[in-house]
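The next block holds one structure in the form of structure tokens; read it before the comments.
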Amino acid sequence: MKKLVFVALLLGVIASSVPSWSITRTVRDNPFFRRTALTGYMGVGIPVGEFESSRDGDGNHKPGSFQWAIDIEHFFSPSVSLGASINASTWEDKDAGQSLETHVNAFNGFFRYVVITKGPIYPFLRFGAGWTRVQFQDFEQRFQSNSTGTIQAGGGTTVMLSHHVAFTGQALYHHGFTENALVPDANAIVGFDTKYWSVTAGLSLFFQ
């Protein structure tokens, strides 16, 4: 019986000697867990596949389009967030330039997996899916397609500048399944899928 009492006392002393910060350190040191982030991005786009091709019926789009996006996400675990994104891009025709533009607008849900490091630099992977539509515009008129599905995948890096502000850069591949989407006002269909890379960067604001 004395041995059992001694063991119990010894375990109590050991437990009381463990600093409380060691138990909560992994939560406190993680800059993402249970926080919400709002991010604004700007950058450029690079068309690929039939979106870039000059063949009849294909996109014939120049590289270097203007891209922007706004994301909101919440980290439900120390490394994984779920969020929503609105993104848009404007593409010029290789031959007609600004006189013939294609606008691609999309709404995506996404998840982001962040690799937790000792900080302040955190690489991540990202995948999303949602809806997109294409709008063709010249100096006189514009025609918009019906919505179709889209996916995006890629990665990047978040650099924590302070507890509430971070710099985020990313490269994403976008694939909109727009080929054969109806353009009602023009009584026509889209002749290509919207395939392109976006390279964007911006500031993230963290709440809580």
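Since every read-out is calculated from the coordinates, none of them should be taken as a lab result. Here the structure is a predicted model, which means the values were calculated and not measured. Note that each Cβ is placed from the backbone with ideal geometry, even for glycine, and that neighbours are counted across all protein chains shown.
Tabulated results
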item: Length-normalised contact order for the chain - Cα pairs under 8 Å, 6+ apart - percent; result: 20 percent
item: Total formal charge among the other residues, if their Cβ is under 15 angstrom from that of V114, Lys/Arg +1 and Asp/Glu -1; result: +2
item: Reciprocal mean inverse distance between Cα atoms of the chain - Kirkwood radius, Å; result: 19.5 Å
item: Choice from N187, N146, N30 with maximal GNM fluctuation in the chain (Cα, 10 Å cutoff); result: N187
item: Computed over the stretch 64-146: relative contact order in percent, which uses C-alpha pairs under 8 Å that are six or more apart; result: 24 percent
item: Calculated on alpha-carbon atoms, Rg and Dmax of the stretch 80-146 in Å; result: 17.4, 55
item: Set of aspartates and glutamates near K195 by C-alpha distance (under 13 Å), chain-local residues within fewer than 8 positions excluded; result: E50, E52, D58, E179
item: Whole-angstrom Cα spans of the stretch 121-208 along principal axes, big to small; result: 52, 25, 22
item: Tilt relative to the chain, helix 2-17 - C-alpha long axis, 0 to 90 degrees, to 10; result: 40 degrees
item: Net charge, E73 excluded, C-beta distance under 15 Å - Lys, Arg +1, Asp, Glu -1; result: +3
item: Most positive-pole-ward Cα, V115, G156, M42, against dipole of the stretch 32-207 from beta carbon charges; result: V115
item: Neighbour-limited loop hits for GluC sites (Glu not before Pro), the stretch 93-181 (at most 11 other Cβ within 10 Å; DSSP other than H, G, I, E, B); result: E140
item: Size of charge dipole - the stretch 32-207 - debye, nearest 20, with Cβ of Lys, Arg +1 and Asp, Glu -1, no other charges; result: 1080 debye
item: Net charge contributed by nearby residues that have their C-beta within less than 13 Å of H103 (K/R +1, D/E -1); result: -2
item: Protection-proxy order for peptides 85-94, 199-208, each taking the mean of Cβ atoms within 10 Å per residue, highest first; result: 85-94, 199-208
